[in-house]
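The values are calculated or read from the model by the stated rules, or taken from the named source; none is laboratory data. The structure displayed is predicted, hence computed values, not measured ones. Cβ: placed from backbone, ideal geometry, glycine included. Neighbour counts: every protein chain shown.
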Amino acid sequence: MSASTTEGQTFAVVRELIAKDHAIAPETLTPDTPLQSLDIDSLSLIELIFNLEDRFDVVADKVPENLPTLGSVADYIDSLVAARTAAAGDAAPSA
Amino acid sequence: MAARRVAVTGLGVVSPLGNDEASFFEALQAGRSGVRRLEVAFSERLSNRIGASVDFDGAAHFPPPKLRMLDRVSQFALFAAQQAVSSAGPGLFDNERERAGVFLGTGMGGAQTTDDGYRALYADGASRLPPFSVLMAMNHAGAAWIGLEYGLQGPNLTYSTACSSSAVAIGEAWRRIRCGEMDVMLAGGSEAPLNFGTLKAWEALKTLAAEDSNDPAASCKPFALDRSGMVLGEGAAVLVLEEWEHAQRRGARIRGELIGYGLSTDASHMTHPTVEGQARAMALALESAGINASAIDYINAHGTGTAANDVTETRAIRDVFAAHADRLPVSSTKSMHGHLLGAAGALEMLATLLALERETLPPTINLRVADPACDLDYISEGARDALGAAVAMSNAFAFGGTNAVLVCRSAKCSL
């Protein structure tokens, strides 16, 4: 998977959700923006992941503890999408 | 250590009669009803469609990130607490937040969240629930949010004894200050039960009032011959209780003094009250206040409008007050604001404090012909002037049999 194509799309969704839920101007959010600077605590992060799961049709077993920036959240969702795609690919031949 | 005195220095209210103390008491004084036909999801499937709902827009009070984590019951609790703390004036907590706590009462907790969740799971086939469901539905969420908001590090407890929950919360908070453990307590209750699932559960108990065919707003008729039951309401009330000298030192405006609290349990029947249990709670409240029955100038009755409560409470009042009962004005403000269940005791304590402060007793509305078994002076003609009224009682009785009675004194008489 090419990170450069999906990273942009995923980050755009992260930015859109945070802008809406936390009433923050979207243009101020970049992949380097620390979650802490937005007052996104562990509970808000759970909600963000929950909404991203819905949007990308993935399931996070547990919210990882090392997601310091918005970019790292997008990367994490990308890794879940990649894992799901790989699993579907594995299953395809036997179907 | 001598028992310390407990001042009431702040009041906050969210009610079917208005969301500030002034409009709440104005409506009580005018005999205005907050009971109406309910417009909630599936309300066309309700047999008892009336209730006393609150006009409240959470978005006007809380920023979006916080609002998403607050059930309606916690929104009410927090907004009532904010009013109470703000009305208590500066210097309330100082640097003594370990000696300040929160005691709230609720019967149904985050019932809206629970109802929404079940609907999503069972009816809509959802595979999962929103991430904050537990934090929104848990019974002590309101108290926890208040504690967080003000950084209060003393005890934070939620009492759940159905319709006496918040009277218990206030009484227990009073004890903590009185005995010297705490200096400031935010105490009260919150309830938001007007959702389809909870209303259906209450319908099944067959204690809800039928809708008055001429005027839905007149459906709650405590002590009346034609009463048909209780009307559910929603809302919250929070009091700031403060050790007397603590309040005086910071120059606080003292709104009244809480002087007595009586607690008893019927231990007889899950829903049917007993004269003995209610009378004992009233007698204990008088005893803890150190006053005679004849000192009471007004009772804000539990007065639900059910067949069982109104007769039992009338008899219990006669038992405790003997001849004084014939000179004692008693009213049920539930006729106007409905039955707030776990928030009822707090809302009615607030009404009682305001009645003394303004020397005006709120009426029992919708009482044209009294049940012959209900033979007290229920202030049915409209609000009554009560110049010099000094001491009043507020009753709260409950399913499960927990009876809680509070006694307060006017600030004018306490100084």
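Within region B:232-251, the set of residues being assigned to a strand (DSSP E or B) and either crowded, with 24+ Cβ neighbours inside 10 Å or of a type in the set (Phe, Trp, Tyr) (or both) comprises B:Leu232, B:Gly233, B:Gly235, B:Ala236, B:Ala237, B:Val238, B:Leu239, B:Val240, B:Leu241, B:Glu242. Could you tell me whether any residue of region B:123-132 is buried (at least 18 other Cβ atoms within 10 Å of the Cβ), part of a helix (DSSP H, G or I) and of a type outside the set (Phe, Trp, Tyr)? No, that holds for no residue. Of the residues making up region B:113-144, those that are of a type in the set (Phe, Trp, Tyr) and away from chain A (no Cβ under 13 Å) are B:Tyr118, B:Tyr122.
For region A:30-44, residues that are crowded, with 16+ Cβ neighbours inside 10 Å and either within 14 Å of another protein chain (Cβ to nearest Cβ) or under 27 Å from B:Met136 (Cβ atoms) (or both) total 4. Candidates are the residues of region B:171-207 that are hydrophobic (A, V, I, L, M, F, W, C) and touching a helix residue (DSSP H, G or I) at 6+ places or on another chain (Cβ under 6 Å); the one that is farthest from B:Ala252 (Cα to Cα) is B:Ala192. All of B:Ile291, B:Ile254 fail the test of being of a type in the set (Val, Ile, Thr), in contact with a Leu (Cβ under 9 Å, 6 or more places away or on another chain) and surrounded by fewer than 23 Cβ atoms within 10 Å (Cβ to Cβ), apart from B:Ile254. For region B:275-285, the set of residues classified as in contact (Cβ under 8 Å) with a residue 60 or more places away in the chain and either among the β-branched types (Val, Ile, Thr) or over 17 Å from B:Val311 (Cα atoms) (or both) consists of B:Leu284, B:Ala285, listed by residue number. Selection of region B:59-77 for residues being over 21 Å from the mean Cα position of the chain (by Cα) and either closer than 18 Å to A:Leu43 by Cβ or β-branched (Val, Ile, Thr) (or both) yields B:Phe62, B:Pro63, B:Pro64, B:Pro65, B:Lys66, B:Leu67, B:Arg68, B:Met69. Residues considered: A:Ala23, A:Ala91, A:Ala74, A:Ala12. Of these, the only one that is in a helix (DSSP H, G or I), aliphatic (A, V, I, L, M) and at pLDDT below 95 is A:Ala91.
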